[in-house]
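I have placed the structure first, in the form of structure tokens, so that the comments after it can refer back to it.
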Amino acid sequence: MPEASRSLSELLGQVKGALRKEFGTSLWIVAEILELHENRNGHCYLELIEKSSENDSILARAKGTIWASRYSMLRPFFEASTGTPLKSGIKLLCKVSVEFHPHYGLSLNIIDIDPAYTLGDLARKKQEVIRRLREEGVFQMNKELPFPEVPQRIALISSDGAAGYGDFMESIHNNAHRYQFQTTLFPAVMQGEQVPGSISSAMDKIYENLSQFDCVVIIRGGGSRADLESFNHYDLAYYITQFPLPVITGIGHERDESVADMVAFHGLKTPTAVAEFLVDQLLAFEFRLSAYDDQLASSVRLIVQKHLTGLDHRQNNLKHLTFRLLQQRMDLIRTSDHLLRKEITNQLGRKSDYLTLLEKRTELVDPEHILKRGYSMTLLEGKPISNLMEVQPGNLLETRVYKGKIISKVEQTTITNGKRKN
């Protein structure tokens, strides 16, 4: 065995001594929590890392320990100060002592934590997410979507057992105006590191049935400020900006506004406030309808009044025109009557003259008148004799003269042409 050789325990003992000599007092370091575990004895074991600012690659890694006696004080103080728990992804400014054990190697014993640094880092990360979304030109995209006038079909993302969910359902379905809403729950984790992925998955399901909904509502009940950090996640905020339906948030923080609230179409403080907002949209629509109804009624009244005035004017014109037309017709009738009477008189005069003429003619051909002039008329059996051939010897003839008649018996007849002689 060479003289310069030494055992492993001797080497590690020298390393421990050198570290104690070099880092005999505690010092402040900046590190990020990669993993954190609490055991049943109350001790907290961490894995601390340092990442490259250029590509997030890990530059250094070390084990960390917070013994139970200190952890029971540091954890509530840190959470109360920052509003966020000690968890993976949190960056710390912590006071450590360098410990080295031959069996367990190097570890850092955390004895104090400065919450102000973590607050600043969380704020920086939040602002970085906001800056990134603005630079990508997507920050206002969901806000620019048209909001439906009657948002009644609600896609609801929440934890079905959350108090906020119950408050929302009570407020929206038992609203004072009795408006009807259709709510469809898409369950999601609303606390912890799974929030961004869980909400995004719920939104994927909504997207598959997009036409069935008017808007998306993301709600959760009240919680610690720490719970808000999950809603500052870039992936969740970006997903909201890209969603084709308006997104309304009611995450339950009165004083703080998450990035999800900022990029959503409308961010409200509580689930109840979201329900009231939706009810107010329907109330506003009803008011608009009422205003339209009043405007329509007013317009109809004006139109009716205008037409009534026009009808009155036309009625007066019609009366005047009717009277004038009737007057013209009466004048025409009177003129026609006069002409008709004149024509009838003329016709009657002409007919009277004609009758007089006929009367005179009749008088001239009247047998009695002819007989009066000295003529006579011979009858055979009451009929005038027109043909001598009708008369036979022995026939009794009646010869009428003026004021009398002669009865004679035929003895002989002579035809002047000489053909017959009896």
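Structure summary
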{"quantity": "Selection from segment 153-168 of residues that are touching a strand residue (DSSP E or B) at 6+ places or on another chain (Cβ under 7 Å) and either among the hydroxyl-bearing types (Ser, Thr, Tyr) or over 17 Å from TYR207 (Cα atoms) (or both)", "calculated": "SER158, SER159, ASP160, GLY164, TYR165, PHE168"}
{"quantity": "Exclusive hit being modelled with pLDDT of 85 or more and surrounded by fewer than 16 Cβ atoms within 10 Å (Cβ to Cβ), set VAL279, VAL274, VAL300, VAL259", "calculated": "VAL300"}
{"quantity": "Verdict on GLU229 being out of contact with any His (no Cβ under 9 Å at 6 or more places or on another chain) and assigned to a helix (DSSP H, G or I)", "calculated": "yes"}
{"quantity": "Candidate set from segment 138-167 (those that are among the polar types (S, T, N, Q) and in contact with a Phe, Trp or Tyr (Cβ under 8 Å, 6 or more places away or on another chain)); member that is modelled with the lowest pLDDT", "calculated": "SER159"}
{"quantity": "Condition check for GLY17: of a type in the set (Gly, Ala, Ser) and within 60 Å of the chain's Cα centre (by Cα)", "calculated": "no"}
{"quantity": "Criterion: of a type in the set (Val, Ile, Thr) and under 60 Å from the mean Cα position of the chain (by Cα) - qualifying residue of THR345, THR322, THR356, THR335", "calculated": "THR322"}
{"quantity": "Residues being touching a residue at least 40 places away in the same chain (Cβ under 8 Å) and surrounded by 15 or more Cβ atoms within 10 Å (Cβ to Cβ) - total across segment 177-221", "calculated": "17"}
{"quantity": "Test result for ASN41, at negative phi, in contact with a helix residue (DSSP H, G or I) (Cβ under 8 Å, 6 or more places away or on another chain) and polar (S, T, N, Q)", "calculated": "yes"}
{"quantity": "Strands (runs of 3 or more DSSP E) contained in segment 64-178 and holding at least 3 residues among the β-branched types (Val, Ile, Thr) and under 21 Å from GLU35 (Cβ atoms)", "calculated": "105-113"}
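Here's the yes/no breakdown for (1) of a type in the set (Asp, Glu); (2) outside the structural domain of VAL247 (by TED's automatic domain parsing); (3) assigned to a helix (DSSP H, G or I):
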residue	(1), (2), (3)
ALA273	no, no, yes
LEU302	no, yes, yes
ASP312	yes, yes, yes
THR322	no, yes, yes
GLN327	no, yes, yes
ARG334	no, yes, yes
LEU339	no, yes, yes
ASN346	no, yes, yes
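The values are calculated or read from the model by the stated rules, or taken from the named source; none is laboratory data. Keep in mind that what you see is a predicted model, and the values were worked out from it rather than measured. All Cβ positions, even for glycine, are placed from backbone atoms using ideal geometry, and neighbour counts span all protein chains on display.
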